[in-house]
Amino acid sequence: MYTVADLRKGLQVVIDDEPYVVIAFEFAKPGKGQAIYRTRMRNMLTGAITDRTYRSGDSLQQASLDQRSMQYLYKDEHHYYFMDNDTYEQVAIAEDALGDAYYYLKDNLPVEVLFFREQAIGVNPPTFVNMKVVSAAPWAKGDTSGGDSRVVSVESGYELKVPPFIVEGDIIQIDTRTGQYVTRVKE
């Protein structure tokens, strides 16, 4: 069991017999009374986002999720497919259930697939992924209106801010926890 003091982004809990992951939370201590914890949670089965409020002293049930190392294979219209490298078993996960993890998936990427009661419900990508920049707007030297960054698009369709020296065709490293640029990768 967790107490509300344990709340943090990424915490996995069970509410009404369904797994949820905390995507945001806020602590407030009014002048009188108990502290309040406002949370935003994503249902890991349906992808629905709900807001809940807890008071200090409340408890939350820990989600017992199994993790299996798998490899990302491909995507069809609504599902992403993963394969267990030991048993060659394939599982499909709906795009809604992946959250933002689908931005970091590319062919043959090793990932940790989360299971709740033998049902695949989510993916934990590696902490850092390397992606190829497929589109980068031109940057003019001396242009200070946009600061020291510009937006590029990588092979998965994800858009992020990078330093101005990054050009189309470069391979960059992205932190999957924050979605931010880390460094340029030499091939």
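Calculate, for Thr87 and Arg150, the FRET efficiency according to 1/(1 + (r/R0)^6) with r their C-beta to C-beta distance and R0 41 Å; round to the nearest 0.05. E(calc), rounded to 0.05, equals 0.40. Take the Cβ atoms of Asn108 and Val14, set R0 to 41 Å, and the FRET efficiency comes out at 0.80. Taking the chain as a Gaussian network of alpha-carbon nodes connected by springs under 10 Å, the highest mean-square fluctuation of the residues Ala120, Ala136, Ala92 belongs to Ala136. The Cα-based radius of gyration and maximum Cα-Cα distance (Dmax) for region 50-138 are 16.2, 54 Å.
Translational diffusion of region 1-82, estimated by Stokes-Einstein from the Kirkwood radius over alpha carbon pairs at 37 °C in a medium of 0.692 mPa s, is 228 µm² per second. Excluding ligands, DNA and RNA, the accessible surface per residue across the chain is 59 Å² with a 1.4 Å probe.
When the chain is treated as a GNM with alpha-carbon contacts under 10 Å, the residue of Gln71, Gln12, Gln34 showing the greatest mean-square fluctuation is Gln34.
Ignoring ligands, DNA and RNA, what percent of the accessible area of region 1-152 is carbon or sulfur (1.4 Å)? Please list the in-between numbers first.
Details: 4120 of 8900 Å².
Looking at region 1-152 in its full context, I get 46 percent from C and S.
Take the alpha-carbon positions of region 145-187, form their convex hull, and give its projected area averaged over all directions (one quarter of the hull surface) in nm².
On the way: hull surface 13.2 nm².
So the mean shadow area of the Cα hull is 3.3 nm².
Among rounded, prolate and oblate, which fits region 68-187 when a ≥ b ≥ c are the square roots of the eigenvalues of its C-alpha gyration tensor, a/c under 1.5 means rounded, and a/b larger than b/c means prolate? Taking the square roots of the gyration eigenvalues as a ≥ b ≥ c, region 68-187 is prolate. For Asp96 and Ile171, the difference between the fully extended length at 0.36 nm per residue and the C-alpha to C-alpha distance is 24.2 nm.
Which value, in debye to the nearest 20, describes the size of the charge dipole of the chain about its Cα centre when Lys and Arg Cβ atoms bear +1, Asp and Glu Cβ atoms bear -1, and nothing else is charged? Mind showing how you got there, number by number?
Numbers: 20 positive and 27 negative charges, 209 e Å.
Value, rounded to 20: 1000 debye.
Near Tyr20, once Lys and Arg are set to +1 and Asp and Glu to -1 for all other residues with Cβ below 12 Å from its Cβ, the sum equals -1.
The values are calculated or read from the model by the stated rules, or taken from the named source; none is laboratory data. Everything numeric here is computed off the predicted structure, so don't read it as measured data. FYI the Cβ positions are ideal-geometry reconstructions off the backbone, even for glycines, and counts take in every protein chain you see. To get the accessible areas, we keep the full protein, side chains included, count just its heavy atoms, and leave off ligands, DNA and RNA. Shrake-Rupley method; radii C 1.70, N 1.55, O 1.52, S 1.80 Å.
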